[in-house]
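All remarks here apply to the structure that follows.
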Amino acid sequence: MEILEAFASYEREALAAIDAAASADALEAARIEFLGKKQGRLKDVQGLLGKASPEERPVVGKRFNEIKDAVTLRWETRQQELCRPKAMATAIDLTLPGTPVRLGRRHPLTQTIDEFKDIMARFGFEVADGPELEDEWHNFQALNIPDDHPARDPLENFYLSTASTANAEPMLLRSQTSTVQIRIMEQRQPPIRIVSVGRVYRPDTIDATHSCMFHQMEGLMLGRDVTMASLKSVLRMFATAYLGGDVEVRFRPSFFPFTEPSVEVDVRWKHGWLELGGAGMVDPNELTAIGYDPEEVSGFAFGLGIERFCMLRHGISDIRNFYSNDLRFLGQF
Ligand code: FA5
């Protein structure tokens, strides 16, 4: 029958065009041509129904519905294939268990520094900053370290070459964070409670507890009636907060040119003691040099070695582990 042949060729061509559509645009063009409601070829084919005799009509009508459904279904299937992202179709099996993602983490020293700042914030100390590249005034003179003091020996410090700028002031990598004490006192009036954390540099011989670059936390508290007892309380509370309640702290008489009296702060380590920092009452001469009245203002300062604290807390026996970038070490924190 002629009508059924026309149906068959419509179906063949429509399915071929849909299968060949490689893009959403091509598929839409196929839809308009073969399934369009207004002027598509489906309409032409439908028009043939009217030409069928009354006996042929049931067969022809049924066949028309079949080809229409077949073409529509093939079009919908193809549309889903084209819209689905390629990776979903091929690379990802959603039924498999997830792969654990390896997250990065902060360096143990960064973790320690953040915790130090948190603890000191609870004691009312705010964080201050100072430069790592310093002049001699802030690193030495203002701290009462005279020209002939051994600590100023060029062999004890990292001086920068000033050869290219003949008249320039000598500059060095700061050897202690006590420089920030001076910078803060130059800018502010008491009461002052600050800590400053950062890198310092010394050409020390490198061993298990010494590095040529390490970190210190400087603390400064100035006001009325600040005493040695205040200093010892703050340092004990700090050591307990970071190292735990059973830590044994020892204050050993010492000397720093900018504090009087001065102490070294040690804690029990292995079978002896490990020195964690230096501290003392800010020398009245330093207060006068800055412009404060030592009768009115008193205060303490301390400088703690950050690496040493972190080593004690985590049982790290060699300071060099912090700088060797070995993921087997870093991954443990
Ligand atoms: C000072 O640096 C003084 N500025 C501390 C101070 C501040 C005293 C305020 C008084 C008032 P000292 O040189 O002792 O002090 O160093 C302090 C701490 O830094 C040491 O106790 C130690 O924990 C750490 N430290 C010193 N040298 C090294 C090094 N080469 N490697 C690692 N840590 C070090």
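The values are calculated or read from the model by the stated rules, or taken from the named source; none is laboratory data. Fair warning: this is a prediction, and the values are worked out from it, not measured in the lab. Here the Cβ positions follow ideal geometry from the backbone for every residue, glycine too, while neighbour counts run over all protein chains shown. Quick note on the areas: whole protein, heavy atoms, side chains included, nothing else; ligands and nucleic acids left out. Shrake-Rupley method; radii C 1.70, N 1.55, O 1.52, S 1.80 Å.
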Practice prompt. Give segment 1-21 a look and list any residue that's open to solvent by 70 Å² or more (accessible area, probe 1.4 Å) and modelled with pLDDT of 90 or more, or say none.
Written response: E5, R12, E13, D19, A20
Worksheet item: Across segment 264-282, which residue is modelled with the highest pLDDT among those that are of a type in the set (D, E, K, R), open to solvent by 20 Å² or more (accessible area, probe 1.4 Å) and in contact with a strand residue (DSSP E or B) (Cβ under 6 Å, 6 or more places away or on another chain)?
Response: E264
Practice prompt. Only one of these is outside any loop (DSSP other than H, G, I, E, B) and either more than 11 Å from the ligand (Cβ to nearest atom) or within 26 Å of F140 (Cβ to Cβ) (or both): S317, S262. Name it.
Written response: S262
Worksheet item: Does S161 satisfy the criteria of being among the hydroxyl-bearing types (S, T, Y) and open to solvent by 70 Å² or more (accessible area, probe 1.4 Å)?
Response: yes
Discussion item. Of the conditions (1) open to solvent by 30 Å² or more (accessible area, probe 1.4 Å); (2) within 30 Å of S324 (Cβ to Cβ), P261 satisfies every one except a single condition; which number is it?
Written reply: (2)
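A quick yes/no check of all residues on (1) over 25 Å from I206 (Cα atoms); (2) under 28 Å from the mean Cα position of the chain (by Cα); (3) of a type in the set (G, A, S):
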| residue | (1), (2), (3) |
| --- | --- |
| G223 | yes, no, yes |
| P257 | yes, no, no |
| D266 | no, no, no |
| G278 | no, no, yes |
| E286 | yes, no, no |
| H314 | no, yes, no |
| I319 | no, yes, no |
Worksheet item: For segment 231-249, what are the residues that are within 18 Å of G219 (Cβ to Cβ) and not β-branched (V, I, T)?
Response: L231, K232, S233, L235, R236, M237, F238, A239, A241, Y242, L243
Discussion item. Can you tell me how many residues within segment 105-131 are touching a Cys at 6+ places or on another chain (Cβ under 7 Å) and hydrophobic (A, V, I, L, M, F, W, C)?
Written reply: 1
Discussion item. When you scan segment 75-88, do you find a residue that is in contact (Cβ under 8 Å) with a residue 24 or more places away in the chain and within 28 Å of R236 (Cβ to Cβ), even just one?
Written reply: no
Discussion item. If a residue counts only when it is over 13 Å from Y10 (Cβ atoms), at pLDDT 90 or above and open to solvent by 100 Å² or more (accessible area, probe 1.4 Å), which helices (runs of 4 or more DSSP H) contained entirely in segment 22-101 have at least 1 such residues?
Written reply: 24-35, 57-83
Worksheet item: Considering R202, R236, R188, R252, which residue is surrounded by 15 or more Cβ atoms within 10 Å (Cβ to Cβ) and of a type in the set (D, E, K, R)?
Response: R202
Worksheet entry | Residues within segment 106-131 that are open to solvent by less than 70 Å² (accessible area, probe 1.4 Å), part of a loop (DSSP other than H, G, I, E, B) and touching a helix residue (DSSP H, G or I) at 6+ places or on another chain (Cβ under 9 Å), tallied | 6
Discussion item. Suppose the filter is within 24 Å of S178 (Cβ to Cβ), open to solvent by 70 Å² or more (accessible area, probe 1.4 Å) and of a type in the set (V, I, T); does T288 pass it?
Written reply: yes
Worksheet entry | Checking Y242 against (1) assigned to a strand (DSSP E or B); (2) within 18 Å of M120 (Cα to Cα), the condition it does not meet | (1)
Worksheet item: If you check F302 against the conditions, is it modelled with pLDDT of 95 or more, near the ligand (Cβ under 8 Å from one of its atoms), of a type outside the set (G, A, S) and touching a helix residue (DSSP H, G or I) at 6+ places or on another chain (Cβ under 7 Å)?
Response: yes
Response to the item:
Here the residues within segment 278-289 that are within 15 Å of the ligand (Cβ to nearest atom) and either among the β-branched types (V, I, T) or not in a loop (DSSP other than H, G, I, E, B) (or both) are G278, A279, G280, M281, V282, P284, N285, E286, L287
